[in-house]
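Report on one structure; see the data block that follows.
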Amino acid sequence: MEVEGSSFGGRNRWSLHGMTALVTGGTRGIGHAIIEELVGFGASVHMCARNEFDLNECLQRWKFLGSPVSGSVCDLSSPAEREKLMERVSSIFHGKLNILVNNAGTEILKNAEAQTAEDVSKVMTTNFESYFHLSQLAHPLLKESGQGTIIYNSSIAAAVAGPQLSIYAASKGAVNQLTKDLACEWAKDKIRVISVAPGFIKTLLSEPV
């Protein structure tokens, strides 16, 4: 990434012109805002979501705005669908990827004693396993770009205790540790690994809280 002469609010902006990005869960909330920023900085973006109607609606808006955004329907709880997603990303971006944003996530608000094995599996699969697997799948594409970045959407819940968040918090704590390990392991491949830990953001996911 490099700074160009364009300015915003009197300051130089980072330029992502010519760079490519994959954003998971990009039809609403934080993911949608991330795509807006990436496109604003000049990147070409591929997004994915489970809901085909929401995805197509978003893609129509991006097309109307003339933005370089494409998309795939993908249930990130499925390893096979993750593999299919990355195959499409590789095809669209010609075997190279600069930015992977693992944003899609879920939570189940229950007291710890009420959490079931299914609850644990659902949250950990979406919030941790899919992040790790997509990173594995994206590794050769990010390495090939010569300038790769993985961004994990973690949470302040990984560091601050709260009621009914035990499994969700554990999944985000695992993401934070994964960030550190992969940052060390993949530095030789010129891949940065970053974790962002927001607090409560007014989205549909956090609305019940």
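Between residue 201 and residue 73, what is 0.36 nm times their sequence separation minus the Cα-Cα distance? Round to one decimal in nm. Walk me through the numbers before you get to the answer.
Working: separation 128, 0.36 × 128 = 46.08 nm, distance 2.46 nm.
Taking 0.36 nm per residue and subtracting the Cα distance, the gain is 43.6 nm.
In the chain, what percent of the accessible surface is made up of carbon and sulfur (1.4 Å probe, ligands and nucleic acids excluded)? Let's see the in-between values first.
Details: 6140 of 11210 Å².
So the carbon and sulfur contribution to the accessible surface is 55 percent.
What is the extension gain from residue 161 to residue 65, computed as 0.36 nm multiplied by their sequence separation minus the C-alpha to C-alpha distance, in nm to one decimal?
On the way: separation 96, 0.36 × 96 = 34.56 nm, distance 4.17 nm.
Working it through step by step, the gained length comes to 30.4 nm.
Roughly speaking, what is the centre-to-centre gap between the stretch 105-156 and the stretch 38-62 when only Cα atoms are used, to the nearest Å?
Computed from Cα coordinates, the inter-centre distance equals 20 Å.
Output wanted: per-residue J couplings in Hz (rounded whole) for the stretch 48-61, from phi through Karplus 6.51 cos²θ - 1.76 cosθ + 1.60, θ = phi - 60°, x for Gly and Pro.
9, 7, 6, 8, 5, 5, 4, 4, 5, 4, 5, 5, 5, 5
Rounded if a/c is under 1.5, else prolate if a/b is larger than b/c, else oblate: which is the stretch 17-95, with a ≥ b ≥ c the root eigenvalues of its Cα gyration tensor? Kindly include the intermediate steps, with their values, before the conclusion.
Working: a/c = 1.79, a/b = 1.22, b/c = 1.47.
Taking the square roots of the gyration eigenvalues as a ≥ b ≥ c, the stretch 17-95 is oblate.
With every protein chain kept in place and ligands, DNA and RNA left out, what is the accessible area per residue of the chain? Probe 1.4 Å, answer in Å². Can you show the working numbers first?
Working: 11210 Å² over 209 residues.
Per-residue accessible area for the chain comes out at 54 Å².
Largest first, how would 200, 128, 93 line up by accessible area (1.4 Å probe)? Working shown, then result.
On the way: 200 145, 128 60, 93 25 Å².
Highest to lowest solvent-accessible surface, that is 200, 128, 93.
Before anything else, pin down the relative contact order of the stretch 41-117: Cα pairs under 8 Å, at least 6 apart, normalised by residue count, whole percent. Each step should come with its number before you reach the end.
On the way: 50 pairs, mean separation 18.2, N = 77.
Here the relative contact order equals 24 percent.
Just to check I understand the Karplus step: with θ = phi - 60° and J = 6.51 cos²θ - 1.76 cosθ + 1.60, what whole-Hz values come out for the stretch 20-31, glycine and proline as x?
For the stretch 20-31, the Karplus-derived couplings read 10, 8, 10, 10, 8, x, x, 7, 7, x, 4, x Hz, x marking Gly and Pro.
Provide the per-residue ³J(HN,Hα) series for the stretch 187-197, in order, calculated from phi with Karplus coefficients 6.51, -1.76, 1.60 and θ = phi - 60°, each as a whole number of Hz, with x at glycine and proline positions.
Result, ordered by residue: 4, 4, 8, 6, 10, 8, 10, 10, 10, 10, 10 Hz.
Restricting to the chain, compute how many DSSP beta bridges are antiparallel as a %, nearest 5.
On the way: 4 of 27 bridges.
Approximately 15 percent, going by the DSSP bridge assignments.
By the 4.7 Å beta carbon criterion, which cysteine residues of the chain come out unpaired?
By the Cβ distance rule, which asks for a partner under 4.7 Å, the isolated cysteines are 58, 184.
Listed highest first by mean packing, meaning other Cβ atoms within 10 Å per residue, what order do 39-50, 62-73 come in? Mind dumping the intermediate values first?
Details: 39-50: 20.8, 62-73: 15.3.
Peptide ranking by packing, descending: 39-50, 62-73.
For the chain, what relative contact order do you get, as a whole percent, if you take Cα pairs closer than 8 Å and at least 6 residues apart?
On the way: 362 pairs, mean separation 37.1, N = 209.
The normalised contact order for the chain reaches 18 percent.
Please work out which option in (i) 44, 34, 33; (ii) 54, 40, 40; (iii) 45, 39, 35 gives Cα extents along the principal axes in Å calculated from these coordinates, and answer with its label.
(ii)
The values are calculated or read from the model by the stated rules, or taken from the named source; none is laboratory data. None of the values given here were measured: they were computed from a predicted structure. Methodologically, a virtual Cβ is constructed for each residue, glycine included, from the backbone with ideal geometry; neighbour enumeration extends over all protein chains shown. Surface areas here come from the heavy atoms of the whole protein model, side chains and all, with no ligands, DNA or RNA. Shrake-Rupley method; radii C 1.70, N 1.55, O 1.52, S 1.80 Å.
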